Amino acid sequence: MKRIRITLLSVLTTLLCVSCSNYLDIKPYGRTIPKTAEEFSALLHEQLNNIDAGTDSYIIGNASQWLTWDAQCGDDFETCLTTTGGRSLGVYVGTIISNSSQNYYNNLYQSIRNCNIVLNEMEESNTTEANTIRATAHGMRGVCYYQLLRLFCTVPQTGNLNNQQGIPLVMTFDMEERPTRSTMQEAIDLIEDDFRKAISYHSSKSIYRFTEDVIKGYQARLYFWTKQWDKALPIVQELLNKYPLLKGAAYEKMMTTAYDLAGNQLIKSYRAADTSGENALSSANTLLQYRPVSQRFLSLFTEEEKTTDIRYRLWVNNKRMAKKTFFCGMRSAEFKLIEAECYYHLGKQDKALQSINELRAHRIDNYSNLTESNLPALSEKERITTDTNGNALTPLMGLILNERRKELFLEGDRFFELKRNGSPEFWTAYNGQKYTTQKFMYTFPIPAHDILLVDGLEQNEGYTEISY
């Protein structure tokens, strides 16, 4: 197996000048520890403000990050056809691994540090403000660990979670603690516990963004990622009852609203974007025009659907350029897709097909339901050939995945769908060179300086060599 070299610059300087994993340091040296709930809330508002401004790439995500996941790491765009103006776009996932994967690790743990300060040091309790802040801290910490789980751990294997590598779990103020990796089951248990505690406060203050419903959405995402279908299903159905699907003009208005929370969206970036944020969003749209949408994605729509499916009209133009308004957040169509897949894996194929038909009926004019006898054939162009359990795709499972790909186009989902469903290897050509996404690359490396400085911290497969 080909190995990726993790470059470590000036190791000696690192050893002499900083504590290992200084982003885990949570004692605020030279500062006064907050006392009131209002003072503690400032630790969270920094992250919340970044989300609202659109500068957060790690907790919720932003347009720049979606360019990374969808236009660089996935297969919805044609890298080999990138024109001159798009040279700053990355080529494949290896570009991130080599240049910036440690940023995800460091920044997510920095957010976890702030949440830990709130949860361990805030003494005020049983007031509305304190309860809301605790709910937000539990929710945000759970989301950060969920993102770390998706990025730095392999895909969960049902029945083997106690043998799979998790992530370091940082829960205390002890700066000298150097945690090694948990098991995946321990990591999942912690995230689940954080979400349950956040939900128990029934927070509804939208200014803190991570309300009870938003956390339930992340709870469903966790269960979906970890294949706990029976737990995910009732949550998404509860949310769908509260945030029903939209169609036609209402759907179009929601999906073309850049800044305000609209329709059945639960949380999103850019809600308080200033001129800088608006310019960043505009720049991302401009940059995306230099890399056309792949024919593999466009072929998901039949010739008839190219005129009847509202998504085709809203997502791309006749020059194969993406024109979809960036959406970075969570909306209820995702819950419908989770519902369909949960039904499928629970052996209720008839209900899975019904769920997909309900979604398609909200997107396609004059829609006639598909039946088991007229499901579309599997495409030979599709890179996903097995489902998340390693079974060969059936026409129904292929339909569910195709609808997810169409609905969540340019929403930061495709790379993780590839990872979740077999982590297929594929290559792309660019500037006369061939770049191959290998199976192990779907799981990012633990930063090299942590491996060197934390005794017993194990690296992920495929990242065994360190270049000095």
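Condition test on Ile199, is it closer than 30 Å to Gly422 by Cβ and in contact with a helix residue (DSSP H, G or I) (Cβ under 8 Å, 6 or more places away or on another chain)?
Against the criterion (closer than 30 Å to Gly422 by Cβ and in contact with a helix residue (DSSP H, G or I) (Cβ under 8 Å, 6 or more places away or on another chain)), Ile199 does not qualify.
The single condition among (1) at pLDDT 95 or above; (2) under 29 Å from Asn103 (Cβ atoms); (3) hydrophobic (A, V, I, L, M, F, W, C) that Phe173 does not satisfy is (1).
When the criteria are applied in full, Thr428 meets the requirement of being part of a strand (DSSP E or B) and crowded, with 16+ Cβ neighbours inside 10 Å. For region 174-208, taking the residues that are assigned to a helix (DSSP H, G or I) and among the small types (Gly, Ala, Ser), the one that is surrounded by the most Cβ atoms within 10 Å (Cβ to Cβ) is identified as Ala198.
Selection of helices (runs of 4 or more DSSP H) fully inside region 302-380 by the criterion of at least 2 residues being assigned by TED's automatic domain parsing to the domain that holds Glu403 and surrounded by fewer than 16 Cβ atoms within 10 Å (Cβ to Cβ) returns 349-361. Can you spot a residue in region 320-336 that is farther than 30 Å from Arg87 by Cβ and small (Gly, Ala, Ser)? Yes, because at least one residue in region 320-336 is farther than 30 Å from Arg87 by Cβ and small (Gly, Ala, Ser).
Of everything in region 434-461 that is at pLDDT 95 or above and not in a loop (DSSP other than H, G, I, E, B), the residue that is surrounded by the fewest Cβ atoms within 10 Å (Cβ to Cβ) is Lys434. Please specify each residue of region 56-73 satisfying the condition of being touching a Gly at 6+ places or on another chain (Cβ under 9 Å) and in contact (Cβ under 8 Å) with a residue 40 or more places away in the chain. Correct list: Ile60, Gly61, Asn62, Ala63, Ser64, Gln65, Trp66, Leu67, Trp69, Asp70, Ala71, Cys73. Does region 121-139 contain any residue that is crowded, with 16+ Cβ neighbours inside 10 Å, in contact with a Ser or Thr (Cβ under 7 Å, 6 or more places away or on another chain) and within 25 Å of Glu458 (Cβ to Cβ)? Scanning region 121-139 turns up no residue that is crowded, with 16+ Cβ neighbours inside 10 Å, in contact with a Ser or Thr (Cβ under 7 Å, 6 or more places away or on another chain) and within 25 Å of Glu458 (Cβ to Cβ).
Of everything listed in (1) surrounded by fewer than 17 Cβ atoms within 10 Å (Cβ to Cβ); (2) over 22 Å from Thr95 (Cβ atoms), the single unmet condition for Ile400 is (1). Within region 294-343, being in contact with a Lys or Arg (Cβ under 6 Å, 6 or more places away or on another chain), of a type in the set (Ser, Thr, Tyr) and within 30 Å of Glu212 (Cα to Cα) holds for one residue alone: Tyr343. Could you list all residues from region 35-55 that are without any contact (Cβ under 8 Å) to a residue 40 or more places away in the chain and buried (at least 18 other Cβ atoms within 10 Å of the Cβ)? Selection gives Asn50 alone.
With respect to being modelled with pLDDT of 95 or more, touching a Ser or Thr at 6+ places or on another chain (Cβ under 8 Å) and either outside any loop (DSSP other than H, G, I, E, B) or more than 20 Å from Cys115 (Cβ to Cβ) (or both), Ile51 fits the description.
Looking across Ser269, Ser294, Ser282, one residue alone is closer than 20 Å to Thr84 by Cα, out of contact with any Leu (no Cβ under 8 Å at 6 or more places or on another chain) and surrounded by 15 or more Cβ atoms within 10 Å (Cβ to Cβ). It is Ser294. Please enumerate the residues belonging to region 229-269 that are hydroxyl-bearing (Ser, Thr, Tyr) and either at positive phi or not in a helix (DSSP H, G or I) (or both). The answer is Tyr243, Thr256, Thr257, Tyr259, Ser269. Pairs are defined by a Cβ separation below 6 Å, a sequence spacing of at least 6 or placement on different chains, a first member in region 81-101 that is under 22 Å from Glu425 (Cβ atoms), and a second member that is among the aromatic types (Phe, Trp, Tyr) and part of a loop (DSSP other than H, G, I, E, B); the pairs so defined are Thr82/Tyr290; Ser101/Phe444.
Looking for something part of a loop (DSSP other than H, G, I, E, B), over 18 Å from the mean Cα position of the chain (by Cα) and modelled with pLDDT of 95 or more - is there at least one such residue anywhere in region 407-422? Checked region 407-422: no residue is part of a loop (DSSP other than H, G, I, E, B), over 18 Å from the mean Cα position of the chain (by Cα) and modelled with pLDDT of 95 or more. For region 231-238, the criterion of being buried (at least 16 other Cβ atoms within 10 Å of the Cβ), within 27 Å of Glu129 (Cα to Cα), of a type in the set (Val, Ile, Thr) and modelled with pLDDT of 95 or more is met by at least one residue.
Every residue, every condition in (1) hydroxyl-bearing (Ser, Thr, Tyr); (2) in contact (Cβ under 8 Å) with a residue 40 or more places away in the chain; (3) over 30 Å from Gln157 (Cβ atoms), yes or no:
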site	(1), (2), (3)
Leu300	no, yes, no
Arg311	no, yes, yes
Arg331	no, yes, no
Cys342	no, yes, no
Leu353	no, yes, no
Thr371	yes, no, yes
Lys381	no, yes, no
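Within region 209-230, restricting attention to residues that are among the aromatic types (Phe, Trp, Tyr) and touching a strand residue (DSSP E or B) at 6+ places or on another chain (Cβ under 9 Å), which residue is surrounded by the fewest Cβ atoms within 10 Å (Cβ to Cβ)? For region 209-230, the residue satisfying everything is Tyr218. Residues considered: Ala340, Ala352, Ala322. Of these, the only one that is aliphatic (A, V, I, L, M), touching a His at 6+ places or on another chain (Cβ under 9 Å) and over 16 Å from Tyr251 (Cα atoms) is Ala352. Just one of (1) of a type in the set (A, V, I, L, M); (2) at pLDDT 95 or above; (3) assigned to a loop (DSSP other than H, G, I, E, B) fails for Val143. It is (3).
The values are calculated or read from the model by the stated rules, or taken from the named source; none is laboratory data. All figures in this text were calculated on a predicted structure; none of them were measured in a lab. Please note: Cβ atoms are built from the backbone with ideal geometry, for glycine as well, and neighbour counts cover all protein chains shown.
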